[in-house]
Amino acid sequence: MQLHQSSWPEIEGYLKRSNGIIVPIGSTEQHGPNGLLGTDAICPEVIAKQAGDDSGILIGPTFNVGSAQHHLGFSGTITLRPSTMIAAMYDWASSLIRHGFERIYWFNGHGGNIAPINSAFAEIYSEYSFQRAGSNRRPVKLFLRNWWELPGVGDLCREIFPVGEGSHATASEVSVTYYAYPDAVKNVEMTPKIAPTGSIRDADDYRRQFPDGRIGSDPSQATPEKGERIVKAAKKALVRDFEAFMQAS
Ligand code: NI
């Protein structure tokens, strides 16, 4: 079930049986010579959509521009500064909380989002902490899961790509997007075959160190079929992980 394809009475009905929602969150940033700019948003979105279709869990709209200042040296990247992202997440969460959602599971596709997501959680929790003792407002519970860290998923990615998985523009994430959008597959020769690795600072530093945008990866191995294997495993793991989150105290 997807929020943006539902009517308000359908959401009101959903809230009578559940107060939990999954919100995919990603980024719009370069993903090397053959990866889609939307990779980090598409991956959690496609996995969450299938999980929602299978289980009836409500999937929110994808928060699809994140914290990607270090990718701005490459055309097409769009970023929020961390403070803007925290403020936007606060407003998304506050809107959902107003309707009665009490458990919000943020399903993330971008490593650069982890710090601002955790800061947004602290901002939201602060509002409850500052309330007077004895307030009867029901507490909200927030959760962050990176899709590649769902139980079993990282192991599967490493099994499919024992060499050249890398850490940015990975063979796995490009495969997932090719499965989602097979018409967008791009055949590009990688030079060098496997990209270098290292740490990054700002946009100019990134472009200097990693001129084609990849870090440690050979995404020319990506195929829609490999992406399908990853999505099928990840959607099942996501349903289990969300249900555990809903049952936890
Ligand atoms: Ni990525």
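The values are calculated or read from the model by the stated rules, or taken from the named source; none is laboratory data. Remember, predicted model here, so these are calculated numbers, not experimental data. Quick reminder, even Gly has a Cβ in these numbers, built from the backbone with ideal geometry, and neighbours come from all protein chains shown. Ligands, DNA and RNA are stripped out before the accessible areas are found, and what is left, the full protein with its side chains, is counted by its heavy atoms. Shrake-Rupley method; radii C 1.70, N 1.55, O 1.52, S 1.80 Å.
For region 105-155, taking the residues that are within 18 Å of A233 (Cβ to Cβ) and part of a loop (DSSP other than H, G, I, E, B), the one that is nearest to the ligand (Cβ to nearest atom) is identified as G109.
Filtering R145, R138 for residues that are open to solvent by 90 Å² or more (accessible area, probe 1.4 Å) and not hydroxyl-bearing (S, T, Y) leaves a single hit, R138.
Within region 43-55, the presence of at least one residue that is within 15 Å of the ligand (Cβ to nearest atom) and under 18 Å from F245 (Cβ atoms) is confirmed. Considered as a group, the residues in region 159-215 that are closer than 19 Å to A41 by Cα and of a type in the set (A, V, I, L, M, F, W, C) include one that is surrounded by the fewest Cβ atoms within 10 Å (Cβ to Cβ), and that residue is A184. Screening the candidates S6, S83 for the property of being more than 22 Å from L142 (Cα to Cα) and surrounded by fewer than 20 Cβ atoms within 10 Å (Cβ to Cβ) yields one hit, S6. For region 56-80, the set of residues classified as farther than 19 Å from D205 by Cα, open to solvent by less than 20 Å² (accessible area, probe 1.4 Å) and within 16 Å of the ligand (Cβ to nearest atom) consists of F63, G66, listed by residue number.
A residue that is open to solvent by 10 Å² or more (accessible area, probe 1.4 Å) and in contact with a helix residue (DSSP H, G or I) (Cβ under 8 Å, 6 or more places away or on another chain) can be found somewhere in region 122-132. Annotation: Y181 fulfils all but one of (1) of a type outside the set (A, V, I, L, M, F, W, C); (2) closer than 24 Å to I21 by Cα; (3) within 16 Å of the ligand (Cβ to nearest atom); the unmet one is (2).
To keep it simple, each residue is scored yes or no on (1) in contact with a Gly (Cβ under 6 Å, 6 or more places away or on another chain); (2) over 27 Å from P82 (Cβ atoms); (3) outside any loop (DSSP other than H, G, I, E, B).
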residue	(1), (2), (3)
E165	no, yes, no
S172	no, no, yes
T177	no, no, yes
D183	no, yes, yes
G198	no, no, no
